[in-house]
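The block underneath contains the structure these notes are about, expressed in structure tokens.
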Amino acid sequence: MVQANKKSKEPQQPTVFDLQNYLKQQKGVVEQALDRSIAIAKPEKIYEAMRYSLLAGGKRLRPILCLATCQLTGGTVEMAMPTACALEMIHTMSLIHDDLPAMDNDDFRRGKPTNHKVYGDDIAILAGDGLLAYAFEYVATQTKNVAPENILRVVACLGRTVGAAGLVGGQVLDLESEGKSDITAETLSFIHTHKTGALLEASVVSGAILANASAEDIDKLSQYAQNIGLAFQIIDDILDITATDEQLGKTAGKDLSAQKATYPSLWGLEKSRLKARELVDNAIAQVADYGAAAEPLRAVAKYIVTRDR
Ligand code: FPP
Ligand code: MG
């Protein structure tokens, strides 16, 4: 009795969401799953090349977002893990191809020599192709306790996201815009929403689909994702100017030397930072109705504008 009274007088401490710890823990869980996802088989070289880039580290934001939205909308980590791994396979393959001499010709990624620098252009192209194909196989064969029609919806969503309506389309316009000084904000927004935003949106939406979320929830979460997707790319462009090679794990300052269209080149650093913060506020507003359960999504949105790498 005395103890109960004592307890009721204790001030209620608001729980502070520990983002650093959450990201570290989720990254660990995802990396273990990624390590298990591809075993070395014959011919060893291609599996090694695929694993080299897939397991090279990185923020693992896409898988983390997929797991978070699946849990937020009533699903489990187990239901979403194969899709979470597939999203990272797709992201990794897009970076392997992006770094090729025929595209951005980059030597470093995630603090290590790029895939083609280690394995040659031919194997790097094939490692990307192998990861892309395996991502779809992995979702289709490894997803458990999810209705088959929802697995099919996720496969369709991923297909649309990587194709000409998504990453491929964004990359084409990005390459075509290099060296041009008359790129409009509209073109830039198309590049960013397709090249980067599409996969972040698919990460969030696929998690919700796997949990069989309502159309209303999917719509809100997709708005959240569109906002963080654009903010993410704006911050990427800012960091390309302000951060060091060591911080980024890749060559900084490449956008300027390749005369790439970016928000900082169009608007300057300050206006770009302001725009990114505005987008994150919009994203957070989209998940207001979920209360404390959406804390991971709010925290990831804040992390996107405060990150320094
Ligand atoms: C990095 O952008 C590149 C991307 C976000 C995606 C590139 C997309 C492709 C190569 C198409 C891939 C093909 C399929 C089938 C998905 P960046 O060059 O601005 O950033 P960086 O400085 O990190 O290289
Ligand atoms: Mg690049």
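FYI, it's all coordinate maths here, none of it is from the lab. Please read all numbers here as calculations on a predicted model, not as lab measurements. Positions of Cβ are backbone-derived with ideal geometry, glycine not excepted, and every protein chain shown enters the neighbour counts.
Taking Ala135 as the residue in question, decide whether it is in a loop (DSSP other than H, G, I, E, B) and within 12 Å of ligand 1 (Cβ to nearest atom). Considered against the rule, which asks whether it is in a loop (DSSP other than H, G, I, E, B) and within 12 Å of ligand 1 (Cβ to nearest atom), Ala135 comes out as no. Of all residues in the stretch 193-215, those satisfying the criterion of being touching a residue at least 60 places away in the same chain (Cβ under 8 Å) and closer than 25 Å to Asp99 by Cα are Leu199, Leu200, Ala202, Ser203.
Just a yes or no: is a residue in the stretch 136-144 over 28 Å from Ala41 (Cβ atoms), buried (at least 16 other Cβ atoms within 10 Å of the Cβ) and in contact (Cβ under 8 Å) with a residue 12 or more places away in the chain? Scanning the stretch 136-144 turns up no residue that is over 28 Å from Ala41 (Cβ atoms), buried (at least 16 other Cβ atoms within 10 Å of the Cβ) and in contact (Cβ under 8 Å) with a residue 12 or more places away in the chain. The helices (runs of 4 or more DSSP H) falling completely within the stretch 158-261 that include 3 or more residues that are of a type outside the set (Val, Ile, Thr) and in contact with a helix residue (DSSP H, G or I) (Cβ under 8 Å, 6 or more places away or on another chain) map to 167-177, 185-192, 198-210, 215-242, 254-257.
Just one of the listed residues (Val154, Val162, Val168) is surrounded by 15 or more Cβ atoms within 10 Å (Cβ to Cβ) and away from ligand 1 (no atom under 13 Å from the Cβ), and it is Val154. Just to be sure before I move on: is Lys112 more than 30 Å from Leu266 (Cβ to Cβ), away from ligand 1 (no atom under 11 Å from the Cβ) and out of contact with any helix residue (DSSP H, G or I) (no Cβ under 6 Å at 6 or more places or on another chain) in the structure I sent? So Lys112 passes the test. Once the stretch 65-96 is narrowed to residues that are closer than 20 Å to Asp245 by Cα and crowded, with 22+ Cβ neighbours inside 10 Å, the residue that is farthest from ligand 2 (Cβ to nearest atom) is Thr92. Just one of (1) crowded, with 18+ Cβ neighbours inside 10 Å; (2) closer than 20 Å to Lys59 by Cβ; (3) out of contact with any Leu (no Cβ under 7 Å at 6 or more places or on another chain); (4) in contact (Cβ under 8 Å) with a residue 60 or more places away in the chain fails for Lys260. It is (2).
Could you grab me the full set of residues in the stretch 240-257 that are without any contact (Cβ under 8 Å) to a residue 60 or more places away in the chain and not acidic (Asp, Glu)? Those that are without any contact (Cβ under 8 Å) to a residue 60 or more places away in the chain and not acidic (Asp, Glu): Ile241, Thr242, Thr244, Ala252, Gly253, Leu256, Ser257. Only residues that are more than 22 Å from Pro113 (Cα to Cα) and hydroxyl-bearing (Ser, Thr, Tyr) were counted across the stretch 243-270, and they come to 3.
Residue count for the stretch 201-217, restricted to those that are over 17 Å from the mean Cα position of the chain (by Cα) and either among the acidic types (Asp, Glu) or surrounded by fewer than 24 Cβ atoms within 10 Å (Cβ to Cβ) (or both): 7. Please work out which residue is nearest to ligand 1 (Cβ to nearest atom), limiting yourself to the stretch 263-274 and to residues that are farther than 16 Å from Ser181 by Cα and surrounded by 15 or more Cβ atoms within 10 Å (Cβ to Cβ). So, considering only residues that are farther than 16 Å from Ser181 by Cα and surrounded by 15 or more Cβ atoms within 10 Å (Cβ to Cβ), the one nearest to ligand 1 (Cβ to nearest atom) is Ser272. If the condition is being crowded, with 16+ Cβ neighbours inside 10 Å and closer than 15 Å to Tyr47 by Cβ, then the stretch 106-131 contributes Asn115, Tyr119, Ile123, Ala124, Leu126, Ala127, Gly128, Gly130, Leu131.
Identify all residues within the stretch 35-64 that are part of a loop (DSSP other than H, G, I, E, B) and either of a type in the set (Lys, Arg) or over 12 Å from Leu131 (Cβ atoms) (or both); write none if there are none. Once the filter is applied, which keeps residues that are part of a loop (DSSP other than H, G, I, E, B) and either of a type in the set (Lys, Arg) or over 12 Å from Leu131 (Cβ atoms) (or both), the stretch 35-64 yields Ala39, Ile40, Ala41, Lys42, Pro43, Ala56, Gly57, Gly58, Lys59, Arg60. Please verify whether the stretch 277-284 includes one or more residues that are within 15 Å of ligand 1 (Cβ to nearest atom) and either out of contact with any Lys or Arg (no Cβ under 6 Å at 6 or more places or on another chain) or assigned to a helix (DSSP H, G or I) (or both). No, the conditions are met nowhere in the stretch 277-284.
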